[in-house]
Amino acid sequence: MRAFLFSVWSFVLLLSPALSAQSIFVYDQQTGTPIADVMIYNQSKTVSAITDKMGKADSKLFGNSQELVFQHSAYYTVTLSIHDLSKQHYKVGMNQKLIDLEEIVVSANSWEVNKKEVPNKIEVIKRKDILFENPATSADMLDKSGMVFVQKSQLGGGSPMIRGFAANKILFIVDDVRMNNAIYRSGNLQNLLQADVNSVKSAEIIFGPGTNLYGSDALGGVMDIHLKAPGQNSDKTWKTTGQAMVRTASAAFEKTGHLSLNVANNRWAFLTMITYSAFNDLRMGSHGNDFYLRPEYATVINGKDSVITNSNPLIQKYSGYKQLNITQKIRYNINNLSALNLNFYYSGTSDVPRYDRLIQQKGDKLKYAQWYYKPQQWIMADLQYINHKKSKFADNLKATLAFQHVTEGRNDRKLNSNWLRDRVETVKAVSLNVNIDKKLAPGQFFYYGLEGVFNHVGSAGVESNLLTGEQLNTATRYPDGGTRYFLGGAYLTYKNNFAEDVFTFQAGLRASYSYLHSVFIDTSWYHLPYNRVSLSSGALTGNTGIVYHPNDWKISLNLSSGYRAPNLDDVAKIFDSEPGNVVVPNSGLKPEYLYNADFSVEKSFQNKIRVEATIFYSYLYHAMVRRDFTLNGADSMMYDGEMSKIQAVVNAGFANIYGISGVFSTQLNRFLAFTINANYIMGYDDEGMALRHVSPFFGRASLRFEHEKIRLELSSVYNGTVTYQNLAPSERDKTHLYAPDKDGNPYAPAWNTVNFKGSYAFNQTFLLTVGVENILDKRYRPYSSGITAPGINFIAAFRVSFQ
């Protein structure tokens, strides 16, 4: 770590150039990051300029002006004399308003629009808040927003739950590319770690299926993550900028280093971002339910498995892991109206222990000696063409061609067994999406486009004897003959801002098609009555919404539909879902459809108070859920050495999901603001049983102080109880995850934490952020999670930036 810090400091000294006196640099005073689109004008308003994406503007434009005004809708206005500006070396710090009412979103139709014009509920997570919160992963970033519930099976993971859906029923997007692939499972997913949180510029969360831009999987919503893009200089001279960061956190003794470097002129831009993180075993809180303690663990002593007493039961043995993320982005401006972006992404982990399996018991003993994800690897390359030249059919066009290579592996070994099972899956994915917008008349727009995604999946399995070295083939997780999976779609959306922009109307349709073909070479393991599975389906979905947004109001109603085509994980996977149950393939599976209604009201009062409330109802038809099943006339089979009940993913009748969420923010004075949000969701299937991915009542309250270079925040996060009666049937069998209630039945107790965060920007170069999470050191486990949450957690990060 010392060598890393020394290298970073030397790097900054060598590459940081002096700022030209002819260039004004405008930055956020609390983070040091550049602010684009700042209007700069003299007092007579005869001369003006706007800062570029690097926060720069030419000072020569203002000649002999005596005073300049710096104005941005999200920041407090700054007025400076030329003399003071010169004394500050033409660097201007601005403070963001405590309540921002002019948010811009891109996830609704792929182009920047004012959030007020969008009928969907969209939550925006900004770069400034990411820097302040210091999340360790992208999953933690969503969790800290207070608007998304996140489940964790192990430390190296995090699976969001949105409106009663999770995993492959939520769409995950990174830089306009679909991450969901053929093996995204219905259980909890951990793929969010692919997006390096330290490289994220912003994230947008769409709640529900309310936009035609996205096809299959966008039932609960969309997580649209944008990594930082290359910044370009305003002229031909080459400019080098960058940032370095080191962070540590005590609960898992996190050690993270991040380095980004941007080299650009007005034609080319190169951005490199590298992050390395290492986590030790996670420490839980001291005060709480003893059920969550880790009293013992399995280890190998003298070549034999032994279960030994944990010297510190608060330490969750075998939960630590390491991760490396590398991103390289290249931008070439063809001319003033068109550009090419070439991007490369790499994410790799060490072995990631599956903690929830390591605490699972068989009888009164631990079931597994080892259970871990093999080093997982994600590689992506994409080429994007952007054209803003207006034509008869398009004003703006964006086309993205991407290739992904994903490797996942699972290793497990039963306690006192010499056989280690090793299963590996590879996914190769090629995708193309084209998004176009066209202005038809003042206030009227068409958005249209198409998408195609092809996946090829390979699956292999082997068992190794750790004593003799003998290797045997074993049943694969997915069909061993390979799988081809295709998704395609086209959409058209019409938007009209009318009645002097007081109303916005939006409606559209999307036609989608999916195809899956899998081949089983060896069916002897489970004696399947077929050796191949082929499915194809089409879907027509749409949405219509209206927004009334005069002055300080926004009232919206949105009716929408979505669908999800069965993927390989739904159709042809064999796995143990929980102790005593085994899920087998179902070749008759059909798509599921969601019909949704949202109604939202938002009101601001004199830019000092903002109140927002949203209610929704969703009807899920042909819901894909696990149910008891038969195979070759039998309802049970031997799996992994024990007799297990047979289940399969089937199309149930229906499910109802409904909920309400609210946000209240008030600016108490120039420097102090209070915010509280809450989310309540319920969902039941056609048998009256609770749905697995309906989160408990949860929310967040915070008191925030901001003044010039300082930001402080005291917050509380809270979660409600999930009683045994409200546990999904599949969750009731997971007694190793849930604490027992007074009747001995599993349930998820309520919990809350108190947290403190602070940051201080010494100048536009140095930023220090600190925090204490779970100050009261409470011991709790979030609903459906396999690992207990961190205890008291001290966090510190130091950033060095140069412009």
How much length is gained if the chain between Ala381 and Trp238 is pulled fully straight, taking 0.36 nm per residue apart and subtracting their Cα-Cα distance, in nm to one decimal? 48.9 nm
Among Thr474, Ala797, Val649, the residue whose Cα sits farthest towards the positive end of the charge dipole of the chain, when +1 is placed on the Cβ of each Lys and Arg and -1 on the Cβ of each Asp and Glu, is Ala797
Per principal axis, largest first, the Cα atoms of the chain extend in Å by 88, 59, 48
Looking at the stretch 314-381, which trypsin sites (Lys or Arg not before Pro) are DSSP coil and have at most 16 other C-beta atoms within 10 Å of their C-beta? none
Once you place label points 7 Å from the Cα toward the Cβ at Asn763 and Met638, how far apart are they in nm? 7.4
D for the stretch 313-374, whole µm²/s, Stokes-Einstein with Kirkwood Rh over alpha-carbon pairs at 37 °C and 0.692 mPa s: what number? 211
Debye intensity ratio I(q)/I(0), log10, the stretch 577-618, q values 0.19 Å⁻¹ (C-alpha model): -0.78
Dividing the alpha-carbon radius of gyration of the stretch 714-760 by 2.2 N^0.38 Å (N being the number of residues), what value is obtained? 1.58
If you roll a 1.4 angstrom probe over the protein chains with everything in place, what fraction of the accessible area of the chain belongs to carbon and sulfur, to the nearest %? 58
Where only alpha carbons of the stretch 565-649 are counted, the Rg and the Dmax (Å): 21.3, 69
Counting only protein heavy atoms and rolling a 1.4 Å probe, one gets per residue an accessible area for the chain in Å² of 40
Measuring from its Cα centre, the stretch 600-694 shows a charge dipole (+1 at each Lys and Arg Cβ, -1 at each Asp and Glu Cβ) which, in debye to the nearest 20, is 740
Hey, could you pull the Cα Rg and Dmax for the stretch 485-592, both in Å? 21.7, 69
Cα extents of the stretch 529-685 per principal axis, largest first, Å, are 69, 35, 22
With an 8 Å cut-off on Cα pairs and a minimum separation of 6 or more residues, tell me the relative contact order of the chain in percent. 12
Select from Gly452, Ile681, Gly363 the residue farthest towards the positive end of the dipole of the chain; place +1 on Cβ of Lys and Arg, -1 on Cβ of Asp and Glu, and compute about the Cα centre. Gly452
How large is the dipole of the stretch 82-189 about the Cα centre if only Lys and Arg carry +1 and Asp and Glu carry -1, each at its Cβ, rounded to the nearest 20 debye? 220
Name the chymotrypsin sites (Phe, Trp or Tyr not before Pro) in the stretch 726-785 that are in a loop by DSSP and that have at most 12 other C-beta atoms within 10 Å, would you? Phe762
Would you mind counting up the charge near Tyr372? Only other residues with Cβ under 11 Å from its Cβ, with Lys and Arg at +1 and Asp and Glu at -1. +2
Debye calc, one equal point scatterer per Cα of the stretch 389-432, no solvent, log10 I(q)/I(0) at q = 0.14, 0.25, 0.28, 0.32 1/Å comes to -0.60, -0.89, -0.96, -1.04
So the compactness index of the stretch 514-559, its C-alpha Rg divided by 2.2 N^0.38 Å, takes the value 2.53
Length gained when the stretch Asp129-Gln43 is fully extended (0.36 nm per residue, less Cα-Cα span): 27.7 nm
If one compares the long axis through the Cα atoms of helix 2-15 with the longest principal axis of the Cα atoms of the chain, the angle in degrees, nearest 10, works out at 30
Each residue of the stretch 299-312 in turn: what ³J(HN,Hα) in whole Hz from Karplus with 6.51, -1.76, 1.60 and θ = phi - 60°, glycine and Pro shown as x? 8, 9, 10, 6, x, 10, 5, 9, 9, 10, 6, 6, 5, 9
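The values are calculated or read from the model by the stated rules, or taken from the named source; none is laboratory data. Computed from a predicted model, the values in this text were never measured in an experiment. Counting neighbours? That spans all protein chains shown, and the Cβs are built from the backbone with ideal geometry, glycine included. Side chains are part of the model used for accessible areas, which takes the heavy atoms of the whole protein and leaves out ligands, DNA and RNA. Shrake-Rupley method; radii C 1.70, N 1.55, O 1.52, S 1.80 Å.
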